[in-house]
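Asker: Quick one: the structure is below, and I'll ask about it shortly.
Just so you know, all these numbers are worked out from the coordinates, no wet-lab data involved. Everything numeric in this text was worked out from a predicted model, so none of it was measured. When we count neighbours, we look across all protein chains shown, and the Cβ atoms used for this are built from the backbone with ideal geometry, even at glycine.
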Amino acid sequence: MAKKAAKPIKTAKAKTVKKAAVKAKPVSRPVKAAPKPAAKAAPAKKGYTKTELEHFREIILDKRKQIIEELELIHETLNDSTGGDYFEESSPYSLHMEQGTDTMEKEKNYLLAARQRKFLQYLDDAIKRIDRGVYGFCQDCGKLIDKARLEAVPHAQLCISCKLKRGQ
């Protein structure tokens, strides 16, 4: 078989194209509008009256007092040294089972105490919001939280609809 000879590649000389000078059209720029007059300050949100806020403060202080009493009882239980007397021979449980039960009860009490301390902090924060004048407003939408909700959950920071949206 005969091989075909390769054809030489023709290269075209680069042609210089002169571009016609295009006269630039002036760019139209939007005219700035005159500044708008300053918007009136938003009217202050109408919250609960001083009497209602004092009512909420009393509810919070009562709950706070209950929590402190419960914490004292829990601490007394945790510091009780009567547990651990396992020398009764007629006990149907083994020594290890009784010690395990005591340990489990102590852990439960520690968790309960931590939960109560957290709740106490929520109540203290609610008192601070009353003092600052922002108590009763939803932190998400800014609307006033329903009075019945605040009476049931005085440390609430969200209205019902925002609470449901968050899914908490």
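Asker: Any of Lys65/Lys165; Lys65/Lys143; Lys65/Lys147; Lys108/Lys143; Lys108/Lys163; Lys65/Lys108 with alpha carbons more than 27 Å apart? Name them for me.
Answerer: Checking Cα-Cα distances, Lys65/Lys165; Lys65/Lys143; Lys108/Lys143; Lys108/Lys163 exceed 27 Å.
Asker: Shifting gears a bit: Return the distance in nm (one decimal) between the two label points of a simple spin-label model at His55 and Gln121, each offset 7 Å from Cα along Cα→Cβ.
Answerer: Result: 3.1 nm between the two label points.
Asker: Amide H of Phe137: which non-local residues (sequence gap of 5 or more, or other chain) have their own amide H closer than 5 Å, using H built in the peptide plane?
Answerer: When sequence neighbours closer than 5 places are left aside, the close amide H contacts are Ile145.
Asker: Mind sorting Glu70, Glu151 by how few other Cβ atoms lie within 10 Å of their own Cβ, fewest first?
Answerer: Placing the least packed residue first, the sequence is Glu151, Glu70.
Asker: What is the gain in length, in nm to one decimal, between Asp146 and Met104 on full extension, counting 0.36 nm per residue of separation less the C-alpha to C-alpha distance?
Answerer: Stretched out fully, the Asp146 to Met104 stretch lengthens by 11.1 nm.
Asker: Can you sort Tyr135, Tyr110 from fewest to most other Cβ atoms within 10 Å of each residue's own Cβ?
Answerer: Least to most surrounded, the residues fall as Tyr110, Tyr135.
Asker: Which order results if His55, His75, His155 are arranged by neighbouring Cβ count within 10 Å, fewest first?
Answerer: His75, His55, His155
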